[in-house]
Each structure stands twice: as structure tokens, then as C-alpha cells.
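The values are calculated or read from the model by the stated rules, or taken from the named source; none is laboratory data. Model, not experiment: these values are computed from the prediction. Cβ placement follows ideal geometry from the backbone for every residue including glycine, while neighbour counts extend to all protein chains displayed.
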Amino acid sequence: MAAAAAGTRVFLEVRRRLQSALLILGEPKEGGMPVDISITPSSLEVKTPAGCTELRLPAEVRLVPSSCGGLQYVAGDGLHLRLQVRVDSSAKLISVFNQSSQGQECCTFYCQSCGEVIIRDRKLLRVLPLPSENWGALVGEWCCHPDPFANKPLHPQENDCFIGDSFFLVNLRSDLWQPRPELAPVETHRLSSENRFKLKPKANTKVICKRCKVMLGETMSSETTKFYMTEIIIQPSERNFSIIPRSQFVQSVVAQCLVELSTARSTFRFTIQGHDGKAYILLWLLNSDSLVIESLGSSNSITKFPLLEDILKADSSSAWNAIKVLYQPCIKSRNEKLSRAWESDISIHTLTLPSATCLELLLILSRNNATLPPSLRSMNSFQVHVVPALTCTEIRKFLSKLVMPTPRTCIFCGEMARSRYHSELKASILWQLADFKGC
């Protein structure tokens, strides 16, 4: 794949939609060293007296050597060069809401951190997306009848799995294993200015893994449990648990959540919030069509992302589909004014994760930012992060194969769809949630 060029860093970012690429050649450790750059449609080669580095592009991406331009030297970075690319097809993230029916398999829910079995041999007959927070307004505008589910909680049945922005809702009534919530500390509440503090225990709904004590989710009712996508792996029961490095898993789950939400709701700014209600990170999605190829001059192989070195093979592809985000941390009273402004903006969407995972994600963002070329690390007071967006996560790959029934008639009144909007609505949010008997 590559012969090492000691001290020479090569960074190539391809924008699929813009059909353009940015090439950065890092400064060699020995100043003034001659560099010979050779560009072909399918590869890029950098030669120095110390060695040679070759990057090969995926089959669907081709460089246009004659379009090279904008050559400039940036102190601390090296040479910057822009060129055009031709992209035949675009690799897309697999949506968790794909309705491809390939049979109904029994699946097992695992703790992603340690592999502990959470739910064993569950047959999911319905895998359905939860409606957005504005679905009540849509019902009033598009439907011929009032909303009978107004102000009612949505609880999955035994073989259901409801999917939210960053969590799953499942029914644990029939499972022998019941996660035990941790004991909550006793909190004090002031009743009045004259009374003393009164001790009143606060209910704790946290669901933790019995083995590693990681928070997996929260109990919503006596039967309904919410599991966070960043903490759970769902696989067919006949397969053994596959270990996915934690940083890779968290990044891929968050990346796909951002891409799907930005596509569905045309929102590009997000607040990452802990289960405790505190804001930890402000994220701004810049683009989701990047292809990143990077060489750090390592021996015998190309290193794409140092955080993922433990799982990358020497002979694996050097290209990563990625999304690019701007971020600001909100911990330790940082960016309080900006955080308050984002909280009051209705165009900004909030993603809720376990607080420990929020801190973990912030660490991943910071470490990844430090590996980018210096000129790409910040933009308008925000820090930049390039998130490896894997083709799909194990959870989404499996759930996309399960049946997601779409009713042919309105589930409220039994009427056939009267308009395109009625059809779209019942296919997306008016799904069969309960045994409702007529309008």
C-alpha cells in the first residue's frame, strides 16, 4: 500500500458533492528536502530522498491531475493543493429505518462495553421510529380526525422496538433478567423559609450493566426501558458477541445520528446533553460527504485515525467516509453564554446520552482534533473534528433487516389514505402503537 516516507505527512480530503479535493503535504523533518509529487487518476505518490508514500483511491473516486491549482505554502502545515475529482457513486449510510424484510430473527442485546447479555433471544416483530416532538401539530394539519394519542405515553409491546433519536424503547416484561437501578443518594429539599430541610429520597431510574456497572439506559415504566444506542449492541442470537473498540463505536453511532437528523429535519446544530440534563458539547455539522485519506509516514502501513489504530489492519483500505463537525465544550462553565443561546433556539436539536458517554465523546473529539493538520483544527472559534462514519453500525445493520410494517389504512379510523400527505403521515408516524378501537 505504501512505502514509508519518514517524516512526511499526506492528508487528502475529498468532497463528493463538490467534486473537489484538498491535498496537504506535511513538512518533512529535515527542512529543504526535495519532494516529488506524482498524481494519477487512481493514486497519489510522494517521493523524498527518505522514502516514498503512495495513496490509492477507492474505485469510485478518480482525481483529475490536470486540475491541480491553488498551490500555497502554509507555515506549520506544509504545501496545500486543490484539485478536482470525479465521483461515480456515493457511499451512503444505511438508515435504521430501512424497510427491507429478510425474515424475523431472534436477536440478543449486549452491553457494548463488556459483552454482558442484557436481553436474550428476543424476536422483534415491529421495529418502528418514534415520532418527533412536533408530530401532534402534523396530525392536526393533515388528518381528518383528532389525535387519540394526545398526551399519552408510547409503550412498546413485548415484541416491539421503538427507535428514538439516540435510544431504543423495549419491553422487558417477559425477560427473566431485570436490570437493577442503582440506589440514589438522598437529596434535601427546602419546603419553606420557616421549615428545616427535609430529607426526601429521589427515585433513581438508571439501568446499569451487572458486570461493568456502565449506565445502559433508564426505566420509563414498570415494563418499558430506554437503552441508549451508544451503550447497546444488537446482534442475531446465533452469532457470538463481536468486540468493537469503544471509540469507533461511539463515533459511528453519533455520526449516523447526526446525518439522519440533519437529513430528516434540516437541522445542522446539535446540543449533546447528559441524562442529568446538563449540556456537555455543542456540535455543528459542516458536511457529511467527506472521504479522508491520511498517511502519517508510519512503517509499512497508512495510519488513518490514531484513535482507531488498534482495529485497523495494515492491508485495509486507506479511505474513510467521514463527517466534519465543529464543536465547543460546555464543561466547567465554558461557553455558558453560547450554550444558553443555543438552548433557546428552536432550530437546534438536543441529543441525550449518558453523562459518562458525553465526557467520553468530548475526549474523542479533542484527541482527534489534535491529529488534524494545524490549519484545519479550528474555524470561527469552534474546533474541528473529522468523524469516521462507518458504512453502518452493527445495531443499524441488523435492525435494517427486520420487518417494519406500514399499515395500508389509517390506524385510527380504518379509512384508506385520502391524500399524499395522509399516506406519508401514516407511513412515518401514525404507526400501530396500541390496540386502538376506532376513532
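Quick notes on this structure:
- The set of residues in the stretch 45-72 that are in a strand (DSSP E or B), in contact (Cβ under 8 Å) with a residue 24 or more places away in the chain and closer than 23 Å to TRP320 by Cα comprises VAL46, CYS52, THR53, GLU54, LEU55, ARG56, VAL61, ARG62, LEU63, PRO65, CYS68.
- Top-ranked residue in the stretch 211-220 [being assigned to a loop (DSSP other than H, G, I, E, B) and at pLDDT 90 or above; ranked as surrounded by the most Cβ atoms within 10 Å (Cβ to Cβ)]: VAL214
- Output for the stretch 21-44, where each listed residue is loosely packed, with under 14 Cβ neighbours inside 10 Å, within 38 Å of the chain's Cα centre (by Cα) and modelled with pLDDT of 80 or more: SER38, THR40, PRO41, SER42, SER43
- Members of the stretch 368-388 that are touching a Pro at 6+ places or on another chain (Cβ under 9 Å) and over 19 Å from GLY26 (Cα atoms): GLN383
- Residue match in the stretch 45-61 (condition: surrounded by fewer than 17 Cβ atoms within 10 Å (Cβ to Cβ), among the aliphatic types (A, V, I, L, M) and either under 23 Å from the mean Cα position of the chain (by Cα) or modelled with pLDDT of 90 or more (or both)): no
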